[in-house]
Amino acid sequence: MMDGQSEDPVPSFSERIYRKLLLAYPKGFRIAYGARMEQAFRDLYREKRRRGDALGLMGLWVRVMFDLVKTALEGRSRAMRWKLLVPLAVVLGLLIALVDSSPGWDDTGVSAAAVFACCGLLGALHPARPWLWALCVGLWIPALGIAFTHNYGSALALLVAFAGAYVGAFTIRFLSPA
């Protein structure tokens, strides 16, 4: 470094977490690219820390997590994706619906944003079936709303779910190279 400081040889907590997250990638991928990925993360992380760029650090972690999920899933078999993503979508939808239907919860906008974001991410991760993600995540709010409170208006959550899933699917297709 130019300012006379030596670079800390002890990995930070974030660097150790990143190293653990690399285990989600297929073994062959880790062998081929793992060391370079660690070095790139370390360089970016330390530069943003040195500058005190908290927003940049948050953005780095968002990119890391999106890349991790996308690349790790692409590297796994198609069956593994379905074994992981479908239950994940169902659990996320159920958790959102449980919060949405809890007594005292009156923030429909937050619930709608959560449904839209989850469906959008799933649609981007696997754009071939956005309708499936919309149903896995979005059916729970109307199911609980109609079953417990006869709230048929809660079916509008499905529109939000479909919009999110299709926005995610179309966005990833638009951004992907031909």
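The value obtained for the range 34-75, namely the Cα convex hull volume divided by the number of residues, is 43 Å³ per residue.
Other residues within the sphere of radius under 15 Å centred on the Cβ of Ala161, judged by their own Cβ, net out at 0 (K and R +1, D and E -1). Note on Lys27: accessible area is roughly 140 Å² with a 1.4 Å probe, heavy atoms of protein only. For the range 106-170, dividing the convex hull volume of the Cα atoms by the residue count gives 58 Å³ per residue. Legend: residues Leu159, Leu98, Leu85, Leu57, sorted from most to least accessible area (1.4 Å probe; ligands, DNA and RNA excluded), read Leu159, Leu98, Leu57, Leu85. By the combined test of axial Cα extent (at least 20 Å) and Kyte-Doolittle hydropathy (mean at least 1.6), the qualifying DSSP H helices of the chain come to 108-125, 156-175.
If you sort Tyr166, Tyr33, Tyr45 by accessible surface, 1.4 Å probe, largest first, the order is Tyr33, Tyr166, Tyr45. Computed over protein heavy atoms with a 1.4 Å probe, the carbon and sulfur contribution to the accessible area of the chain reaches 69%.
The values are calculated or read from the model by the stated rules, or taken from the named source; none is laboratory data. In this text, all values refer to a predicted model and were calculated from it rather than measured experimentally. All Cβ positions, even for glycine, are placed from backbone atoms using ideal geometry, and neighbour counts span all protein chains on display. Areas reflect the complete protein model, heavy atoms only, side chains present, ligands, DNA and RNA absent. Shrake-Rupley method; radii C 1.70, N 1.55, O 1.52, S 1.80 Å.
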